[in-house]
Amino acid sequence: MEKMNIEEEIKSIHQKLDFLTEQFTAQQAKQREVQELKDDMVLIGKDMFDAAVEELQDVAPYFETNDLIFLVKKLLRNTRTLTKILSQLESAQDLFSDIQPLGKQVFDEVLHSLDTMDKKGYFEFFGEAVKIVDTIVEAFSVEDVRMLREEITTILLTVKNMTQPEMLSSVNNALSFFSKMDIIIEKDFSTWQLIKKAKDPEVKKGMAFMLEFVKNMAKQEENKNN
């Protein structure tokens, strides 16, 4: 009986030893992995440090440790401001996400409007209008444009007067009269016959109109010269 107990204890001891051996082996494996990781990190850190030193050689004359310390202090003093700026950027990003569909809709509507204008011939019309401007630029000199600028007031006043209802009515009546007028002079008139014709009321009105017209033109030319 005692022999069996001793064997069981020895067996239990062997099992514990095996467990401890396995744990120790696993612990050694982990330590080796950690050590290998440390060695790799040391190599990577050394390479990064060497690369940083090489890259920073160009700015070394313009950089001092005090500058870095000052920058860190300044960042720490303005942490709240930086946080506020980041919050505003986040809000702006959210706003951009909200209006992005609206912007696409507006863009589609603009494209549709441009397509409609193109089908109606607006762009072709504008192209021809540009050609008109080119023709004007080629046909007139700078001096011509300067003279036009100086006389633009007179031209506009003339156009304004010509577009008055009574003036348009008179011009229309005159054009209608001349379009229907078919006068054929079949014989020569003597001076005496012309004098007799001058006594007719219609002839008198026509001559009076022509005299007043010539008189007014001469007066305006005289005022312009003075």
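Taken together, the values in this text are just the output of simple stated rules run on the coordinates, not laboratory data. Note that the structure is predicted; figures quoted are calculated from it, not measured. A quick note on method: Cβ atoms are made from the backbone with ideal geometry, for glycine too, and the neighbour counts reach across all protein chains shown.
Some points to look at:
- Sites ALA51 and ASN78 - FRET efficiency at Förster radius 22 Å, r taken between beta-carbons, to 0.05: 0.10
- Taking a sphere under 13 Å around the Cβ of PHE70 and counting the other residues whose Cβ falls inside, with K and R at +1 and D and E at -1, yields a net charge of +1.
- Total formal charge among the other residues, if their Cβ is under 15 angstrom from that of VAL53, Lys/Arg +1 and Asp/Glu -1: -4
- Where Cα atoms sit under 30 Å apart: lysine pairs in the range 2-63 separated by 8 or more or lying on different chains: 7
- Counting 0.36 nm for each residue step from ASP67 to ASN161 and taking away their Cα separation leaves a gain of 26.0 nm.
- Scaling against 2.2 N^0.38 Å puts the C-alpha radius of gyration of the range 2-63 at 2.49.
- Scalar couplings 3J(HN,Hα) for the range 39-56, obtained by applying the Karplus form with A = 6.51, B = -1.76, C = 1.60 to θ = phi - 60°, are 4, 5, 5, 5, 5, 5, x, 5, 5, 5, 5, 4, 5, 5, 4, 5, 6, 7 Hz; x denotes Gly and Pro.
- Förster radius 30 Å - calculated FRET efficiency between VAL130 and PHE107 (Cβ-Cβ, nearest 0.05): 0.70
- Distance from the range 83-105 to the range 118-162 (C-alpha centre basis), Å: 47
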